[in-house]
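Participant: This is the structure I have questions about; it appears just below.
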Amino acid sequence: MAVLQLCEPGALDIRRPLPGRAAVPQRVLSVAASQELGRIAVATSAPWFPGMGELLVLEPRTGRPPLRLPLSRGTYGAVVRDLVFSQDGATLTASLGGADEQHVASLAHWSLDGPVELWRRSASRSGCTTDGDAGHVRLAVSRDGGTVAGCDQNSHNVIAIAAASGRQLFSGEEGAHAAAPIGGTGAITVDAEGARLAFRLSRDREPAPDGGVAVLDLADGSHTTYPTGMGWCCGLAFCPDGGELAVIGMSAGTVVATVLDLAEGPGRRGPWTELGELPWEARQQCVRPVWSANGPRVAVRSGDTVTVWDLAEARPLHSVAGMGRDTSWNLTPDGRALITANPEGLQAHFLG
């Protein structure tokens, strides 16, 4: 299995002065890659000062120093919790929030030709979750890059935004759904054309029964709920033509996967593929599966090991050990490489 170092040692060091602290980041909070590794985005956290972390964009083929995107507005810093590129790497969206420095979950969207920040907007009301941590938004983007969606883990609000203009296309808390808001927990995805969203449905902050996953039409706000039987939905991906939906979730401590045929309607659940048992601390992780010409693939953490699974063949492709709390990982859009990131650097593990 070929492994490629994507940056030089020290490339991720924090450039802002840190009082009495080394420049090496404490954690990598999120990592994302564009098609064919044209661009890699990395969000870091500073030792003892989370809001002084940075958001970097690297272009491994050019050898240029990382581009550092401005995050802060006003007195407090911003903490990046999730990242998505458009497939061509021309734009980048970040989920901000989840720390004392920034309670309100929000989204920021950049064009990297410049670069220039195109828009920034709140995704939910202010508030804290039951364990005292501020919420943050899980992100998804359509294959054409035209639609960005978010699922706020605090308020459970689901939103969709036109990437070019920042115009809101849908909010589960507004319009026809204001009396009975449509929300989501866990993962979210957008189809290739940006016409539909899929997410684990919740109403009035209560999950839909039988692990129901909603497929929502952005044109009119209508949705169909498909039962999965899973206790927690951690990953979703439409197939390229939008006719099927891969669902990864948890059941009794085991990570499982299934593929829903959306044309069949919501009457039946598909069979599960068991991917392995998980320790308790990993049972509500969120993952970002991809579905390309190679079929559906997903990278799941169990303990300190991340394993990439081929869901069509129900087999593991590659595992990387030593992935602790200070690390992050993601698949490339074509599913052919796993990107792993820690405070010392970045690696690409090519899967074939």
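The values are calculated or read from the model by the stated rules, or taken from the named source; none is laboratory data. If you're wondering where the values come from, they're calculated on a predicted model, not measured in any experiment. When we count neighbours, we look across all protein chains shown, and the Cβ atoms used for this are built from the backbone with ideal geometry, even at glycine. Protein only, heavy atoms only, side chains kept; ligands, DNA and RNA dropped before computing areas. Shrake-Rupley method; radii C 1.70, N 1.55, O 1.52, S 1.80 Å.
Participant: List the relative contact order of the chain as a percent without decimals, with contacts defined as Cα pairs under 8 Å and 6+ residues apart.
Facilitator: Rounded, it is 13 percent for the chain.
Participant: Given points 7 Å out from each Cα along the Cα-Cβ axis, report the residue 195 to residue 21 separation in nanometres with one decimal.
Facilitator: About 4.8 nm separates the two model spin labels.
Participant: Still on this model: Put +1 on the Cβ of each Lys and Arg and -1 on the Cβ of each Asp and Glu in the stretch 198-284; which of 249, 238, 262 then has its Cα farthest toward the positive end of the dipole?
Facilitator: Projecting each Cα onto the dipole axis, the largest value belongs to 249.
Participant: I'd like the accessible area for residue 225, computed on protein heavy atoms only with a 1.4 Å probe and all protein chains in place. Round to 10 Å², please.
Facilitator: Approximately 50 Å² of residue 225 is accessible to the 1.4 Å probe.
Participant: Could you give the nm distance between label points at residue 48 and residue 325, where each point is 7 Å from its Cα heading toward the beta carbon?
Facilitator: Reported label-point gap for residue 48 and residue 325 is 1.7 nm.
Participant: Roughly speaking, what is the centre-to-centre gap between the stretch 20-80 and the stretch 219-236 when only Cα atoms are used, to the nearest Å?
Facilitator: 32 Å
Participant: Ordering 223, 109, 318 by accessible area with a probe of 1.4 Å, largest first, what comes out? Before the final figure, lay out the partial values.
Facilitator: On the way: 223 60, 109 5, 318 35 Å².
My answer, sorted largest first, is 223, 318, 109.
Participant: Take each of the peptides 159-167, 336-344, 60-68, average the number of other beta-carbon atoms within 10 Å over its residues, and list them starting from the highest. Don't skip to the end; give the middle numbers.
Facilitator: Values: 159-167: 17.0, 336-344: 21.8, 60-68: 12.9.
Packing order, densest peptide first, comes out as 336-344, 159-167, 60-68.
Participant: Can you tell me which of 323-331, 48-56, 88-96 comes out highest on packing, and rank the rest after it, using the mean Cβ neighbours within 10 Å?
Facilitator: Per-residue mean Cβ counts within 10 Å order the peptides as 88-96, 48-56, 323-331.
Participant: Along each of the three principal axes of the Cα atoms of the chain, give the extent in whole Å, ordering the values from largest to smallest.
Facilitator: 58, 46, 37
Participant: How high is the relative contact order of the stretch 204-303, in percent, with contacts defined as C-alpha pairs under 8 Å that are six or more residues apart? Walk me through the intermediate numbers first.
Facilitator: Numbers: 189 pairs, mean separation 21.9, N = 100.
Averaging sequence separation for qualifying contacts and normalising by length gives 22 percent for the stretch 204-303.
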